[in-house]
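The values are calculated or read from the model by the stated rules, or taken from the named source; none is laboratory data. Model, not experiment: these values are computed from the prediction. Ideal geometry is used to build each Cβ from the backbone, glycine not excepted, and the neighbour counts take in all protein chains shown.
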Amino acid sequence: MKRLFLVLFFLLTLTFVSLAQLQKGSWMLDGQVGLSLNRQNNESLGSPWGAYTLSSRNKQFTLSPGLGYFVRDHWAFGLSPSFGVSWGKGESGYNSLVRGNLFDYGVGVFSRKYIPAGDKLFLYGDLRFGGFWGNSGWNDNGASDRMVLSKSNGIEANASLGLQYMVKEQLGIHLQSTLIDYWKRTVNGVAFQGSETRESLSVRLFSSFQIGATVFF
């Protein structure tokens, strides 16, 4: 009888965990990494030190952990720091070959809504908004020393769609793609005098992906 009671208690506990993992009052610890590719050809750009054209091919790596709380069943709000680095090479009107890089870090808030699509599968929408700081630089014509060109700060907002699979009762893995991304950045020159404000709204259409894991408790 005692053994039967323990088995029933164990099964009830698993059922409770399964039901509670996305319910109001539970928490989620999230982490994701992403890699995207951006290519631009003969784009006309302005800077504090004059106008120029740029053709480049850039890669971007991002890391975004997060902690969220379920305010309703399947709906969580949370806080998310972020880190990103972009690098690439290109040709400009000033230099025959430029190897550029950009470092960003920031903090923001997010909202995520899950929609059940099976016993272990969930679709979700993710909205994020936050602020960031960073600096950009380049290695001119193969030089080893990095020259810091500017420091920047700004805001960013994006909307994503994702698919999450529950590996265990409290552990899920997910694949997420950015759909719309908006940012506004103020750039202050370091190597050159002057400052400017840049703004961008882009529709990614599944050209940028992030993978990650989520722990529910």
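Quick notes on this structure:
- Criterion violated by residue 105 - all others in (1) within 29 Å of residue 189 (Cβ to Cβ); (2) surrounded by 15 or more Cβ atoms within 10 Å (Cβ to Cβ); (3) at pLDDT 85 or above satisfied: (2)
- Answer residue from segment 190-213, given it is under 30 Å from residue 172 (Cα atoms) and of a type in the set (Val, Ile, Thr) and is surrounded by the fewest Cβ atoms within 10 Å (Cβ to Cβ) among those: 203
- Test result for residue 124, surrounded by 14 or more Cβ atoms within 10 Å (Cβ to Cβ), under 22 Å from the mean Cα position of the chain (by Cα) and in a strand (DSSP E or B): yes
- Selected residue [free of Cβ contacts under 8 Å to residues at least 60 places away in the same chain, under 20 Å from residue 63 (Cα atoms) and part of a strand (DSSP E or B)] from 135, 188: 135
- If you go through segment 23-64 and keep only what is among the charged types (D, E, K, R) and at pLDDT below 65, you end up with just 43.
- Selection status of residue 69, part of a strand (DSSP E or B), more than 20 Å from residue 187 (Cα to Cα) and modelled with pLDDT of 75 or more: yes
- Those residues of segment 192-213 which are assigned to a strand (DSSP E or B), under 21 Å from residue 179 (Cα atoms) and not hydrophobic (A, V, I, L, M, F, W, C), in sequence order: 198, 199, 200, 202, 208, 210, 212
- Checking residue 138 against (1) touching a Gly at 6+ places or on another chain (Cβ under 6 Å); (2) at pLDDT 90 or above, the condition it does not meet: (2)
- Residue 173 within 16 Å of residue 60 (Cα to Cα) and either aliphatic (A, V, I, L, M) or in contact with a Cys (Cβ under 7 Å, 6 or more places away or on another chain) (or both): no
For every residue, the table says whether it meets (1) touching a Lys or Arg at 6+ places or on another chain (Cβ under 8 Å); (2) modelled with pLDDT under 90; (3) at negative phi.
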site	(1), (2), (3)
161	no, no, yes
165	yes, no, yes
169	no, yes, yes
182	no, no, yes
185	yes, no, yes
190	yes, yes, yes
202	no, yes, yes
209	no, yes, yes
216	no, no, yes
